[in-house]
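> There's a structure below that I have some questions on.
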Amino acid sequence: MNRKSLGWIILIGLGGLLLASDLLPSTAAPAAQPTIAATATPAGTTVPDLILTLTYNRLDKPRVSNPPTQADKGAVYYWLVCIPCHGDKGQGLTEEWREVFGPEEKNCWQAECHGKRHPDEGFELPHAVPPVLGLTALGRFNNADELHRLIATSMPWYRPSYMNAEESWQVTAFLLRQQGVMPPQVALNEGNAPIFRLRTPAPSLEEERPLTAAVIGLLVVAVLGVVWHYRRRTM
Amino acid sequence: MARRSTFFHHLHPPTIPRREARFRYTFGLGGAAVFLFVVLVATGVLEMFYYVPSLERANASVQLLTFLVPYGWLVRGVHYWAAQGLVVIAVLHLLRVVLTGAYKTPRRFNWLLGICLLVLVVLLDFTGYVLRWDTDIEWALLVGTNLLKSIPVIGDALYGLVVGGSEVSGDTIVRFYGWHVFGLALIAAVAIGWHIFRVRRDGGISTPEPRTPDRITRDDLVRREVVAMLMLAAVLLLLALVFPPELGPAGEFSQLPDTASAPWFFIWVQQLLRWGDALPMGLLIPIGLVVVLEVLAKSF
């Protein structure tokens, strides 16, 4: 092996190392996930408006990627339909969440909109609306298929037939993503729903990719080491 | 005490002519192909722990491996890229052998063995491609298996044998899985062992007569092989990291995609089929090409 070949190998090796080091910081940072209550700043707002909207607003529309993923669409649907009962963080109908409704609306049952004697446009609501996100949430379901079946047949509470099939998959995908049991790039459907278990976190690509890049760097270093040793011995 | 000869020592004699080990003569393509096959076996075994060859679970189990098993995406990615690389390297190896005249006597038998191996590699790639069982494989599987029906007399029987019935079903996955992980893979493993055994048996790598008696030792040969394997491993990992293989939703065969698409190594057959009937274009021409390569060694 002549000096020119060795030079090329070193150059390629350094390139590999650079690539590996470039991948480390960019992938180690957690990917931006759209949240239910993200701070939004609508275009065309004036400065005072901007100051107001920069404060944390729990009712803002979630920010989603473009084009939106299935789970992103679920996040928007959740914000539109599910949020009043299940909360901005999926915490359920807690007292703290009902405070957000304001003094007149916060007691759903005494106001009679959702009590036993509700008007026609209202509906009866259970006193305990379970959380759908968090450590204790969704414990009764084994996998995404079971969760989807309930969402598709029983939600929204007041009119189960309101949600179409596509929307029920979107909402299920959103809940799974937020629970960390389904990677964001997956499209949930009838075929793969049974494999996503609600108590088994999905491995994080953000953790696995940098380690893989580091192994590639190590292999390149090993190649350079062997070549250098060989050259030194034969010179 | 005489040292016991092993297969390794047969492949790595105490010394070999330096010209045989020149990278710019062989590009290490044969060795690279063997390494890729070993990688394919290793990653394939890991994939077998999760893959379920059934209509309901084939695609879901690949999704499970890809999205839920720690580093499963990497195992699948390396398997995929090693498979694609093996087809490319096998073809380049064939071209190198043709261009350097290495197919001639006394290496004629090894040339024939090599052609059979190329066919096996392509069949392994196709059966592996089908095992994903997503919407992308639907056309390829239907067109590929329907080609068999165009063979006179035995066509229908052959079709039934390959797909496991009168139409594509869950049995088809089991058939393809069996051929992929055992039938074809076992034949290929034996043929590869025989192929590399014959390289030394036939007098080593074919080169023009050496002008100098310069030789390299076994240690030097092994060191070069290790460097090449490490580099290839790095390339495979990098490809799996940057270009993960695609995976669509489960194929249902009830509503086929609008456009037919073959895997890249069969694009040429797909184009041939657009120009004419299934039997001559889809079977006779490809088989004819293999026959031409087989008789090449005898004719020139």
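Each reported figure results from applying straightforward, stated rules to the coordinates on display, with no laboratory input. Note that this is a predicted model, so its numbers are computed, not measured. Heads up, the Cβs are rebuilt from the backbone with ideal geometry, glycines too, and the neighbour counts pull from every protein chain shown.
> Tell me which residues, restricted to region A:216-229, are surrounded by 17 or more Cβ atoms within 10 Å (Cβ to Cβ) and within 7 Å of chain B (Cβ to nearest Cβ). Steps first, answer last, please.
Taking region A:216-229 and keeping what is surrounded by 17 or more Cβ atoms within 10 Å (Cβ to Cβ), we get A:216-217, A:219-220, A:222-224, A:227.
Within region A:216-229, A:ILE216, A:LEU219, A:VAL220, A:ALA222, A:VAL223, A:VAL227 qualify.
> Please state which one of B:TRP81, B:TRP111 is buried (at least 21 other Cβ atoms within 10 Å of the Cβ), within 14 Å of another protein chain (Cβ to nearest Cβ) and of a type in the set (A, V, I, L, M, F, W, C). Spell out how you get there, then give the answer.
Numbers: B:TRP111 fails: within 14 Å of another protein chain (Cβ to nearest Cβ).
None of the others qualify; the one that does is B:TRP81.
> With at positive phi and either more than 9 Å from chain B (Cβ to nearest Cβ) or part of a loop (DSSP other than H, G, I, E, B) (or both) as the only criterion, which of A:LEU176, A:LEU138 stands out? Break it down into steps so the answer makes sense when it comes.
Numbers: A:LEU176 fails: at positive phi.
Among A:LEU176, A:LEU138, only A:LEU138 is at positive phi and either more than 9 Å from chain B (Cβ to nearest Cβ) or part of a loop (DSSP other than H, G, I, E, B) (or both).
> Okay, moving on. Please determine whether any residue of region B:105-122 is closer than 15 Å to B:PRO245 by Cβ and of a type outside the set (D, E, K, R). Steps first, answer last, please.
Narrowing region B:105-122 to residues closer than 15 Å to B:PRO245 by Cβ: none.
No, region B:105-122 contains no residue that is closer than 15 Å to B:PRO245 by Cβ and of a type outside the set (D, E, K, R).
> Got a number for residues in region A:69-95 being among the acidic types (Asp, Glu) and over 16 Å from the mean Cα position of the chain (by Cα)? Talk me through it step by step, then tell me what you get.
Filtering region A:69-95 down to residues among the acidic types (Asp, Glu) leaves A:72, A:88, A:95.
If we keep only those that are over 16 Å from the mean Cα position of the chain (by Cα) as well, we get A:95.
Within region A:69-95, residues that are among the acidic types (Asp, Glu) and over 16 Å from the mean Cα position of the chain (by Cα) number 1.
> Just to verify a result, which residue in region A:157-181, among those that are without any contact (Cβ under 8 Å) to a residue 40 or more places away in the chain and surrounded by 18 or more Cβ atoms within 10 Å (Cβ to Cβ), is farthest from the chain's Cα centre (by Cα)?
As a first pass, look at region A:157-181 and keep what is without any contact (Cβ under 8 Å) to a residue 40 or more places away in the chain: A:158-161, A:164-166, A:168, A:180-181.
Okay, now just the ones that are also surrounded by 18 or more Cβ atoms within 10 Å (Cβ to Cβ), so A:168, A:181.
On the way: A:SER168: 16, A:VAL181: 9 Å.
Restricting to residues being without any contact (Cβ under 8 Å) to a residue 40 or more places away in the chain and surrounded by 18 or more Cβ atoms within 10 Å (Cβ to Cβ), the top hit is A:SER168.
> Applying the selection to region B:189-233, what residues are hydrophobic (A, V, I, L, M, F, W, C) and within 11 Å of another protein chain (Cβ to nearest Cβ)? Write out each step before concluding.
Going through region B:189-233, the residues hydrophobic (A, V, I, L, M, F, W, C) turn out to be B:189-192, B:194, B:196-197, B:199, B:205, B:216, B:221-222, B:226-233.
The answer is B:ILE216, B:VAL222, B:VAL226, B:VAL227, B:ALA228, B:MET229, B:LEU230, B:MET231, B:LEU232, B:ALA233.
> Restricting attention to region B:44-73, which residues are more than 14 Å from chain A (Cβ to nearest Cβ), part of a helix (DSSP H, G or I) and not aliphatic (A, V, I, L, M)?
As a first pass, look at region B:44-73 and keep what is more than 14 Å from chain A (Cβ to nearest Cβ): B:44-49, B:53.
Restricting the remaining residues to those that are part of a helix (DSSP H, G or I) gives B:44-48.
The answer is B:GLY44, B:GLU47.
> Going through B:GLU252, B:GLU246 one at a time, which residue ends up being surrounded by fewer than 16 Cβ atoms within 10 Å (Cβ to Cβ), within 14 Å of chain A (Cβ to nearest Cβ) and within 19 Å of B:THR145 (Cα to Cα)?
B:GLU252
> Could you check region A:185-200 and list, in sequence order, the residues that are under 14 Å from the mean Cα position of the chain (by Cα) and facing another protein chain (nearest Cβ under 7 Å)?
A:VAL186, A:ALA187, listed by residue number.
> Residues that are touching a residue at least 40 places away in the same chain (Cβ under 8 Å), among the small types (Gly, Ala, Ser) and either in a helix (DSSP H, G or I) or in contact with a Pro (Cβ under 7 Å, 6 or more places away or on another chain) (or both): does region B:133-140 have at least one?
Pass one, region B:133-140, residues touching a residue at least 40 places away in the same chain (Cβ under 8 Å): B:133-140.
Then drop every residue that is not among the small types (Gly, Ala, Ser), which leaves B:140.
Adding the requirement that they be either in a helix (DSSP H, G or I) or in contact with a Pro (Cβ under 7 Å, 6 or more places away or on another chain) (or both) leaves B:140.
Within region B:133-140 (the criterion being touching a residue at least 40 places away in the same chain (Cβ under 8 Å), among the small types (Gly, Ala, Ser) and either in a helix (DSSP H, G or I) or in contact with a Pro (Cβ under 7 Å, 6 or more places away or on another chain) (or both)), the answer is yes, since at least one residue qualifies.
> Would you mind telling me which numbered condition in (1) assigned to a loop (DSSP other than H, G, I, E, B); (2) within 21 Å of A:ALA75 (Cα to Cα) A:ASP145 fails?
Failing condition for A:ASP145: (1).
> Next up: Among the residues that make up region B:227-239, is at least one of them crowded, with 19+ Cβ neighbours inside 10 Å, assigned to a loop (DSSP other than H, G, I, E, B), out of contact with any His (no Cβ under 8 Å at 6 or more places or on another chain) and among the small types (Gly, Ala, Ser)?
No, because not a single residue in region B:227-239 is crowded, with 19+ Cβ neighbours inside 10 Å, assigned to a loop (DSSP other than H, G, I, E, B), out of contact with any His (no Cβ under 8 Å at 6 or more places or on another chain) and among the small types (Gly, Ala, Ser).
> Would you check which residues across region A:201-213 are over 17 Å from B:VAL242 (Cβ atoms) and either within 7 Å of another protein chain (Cβ to nearest Cβ) or in contact with a Ser or Thr (Cβ under 6 Å, 6 or more places away or on another chain) (or both) and list them?
Once the filter is applied, which keeps residues that are over 17 Å from B:VAL242 (Cβ atoms) and either within 7 Å of another protein chain (Cβ to nearest Cβ) or in contact with a Ser or Thr (Cβ under 6 Å, 6 or more places away or on another chain) (or both), region A:201-213 yields A:ALA202, A:PRO203.
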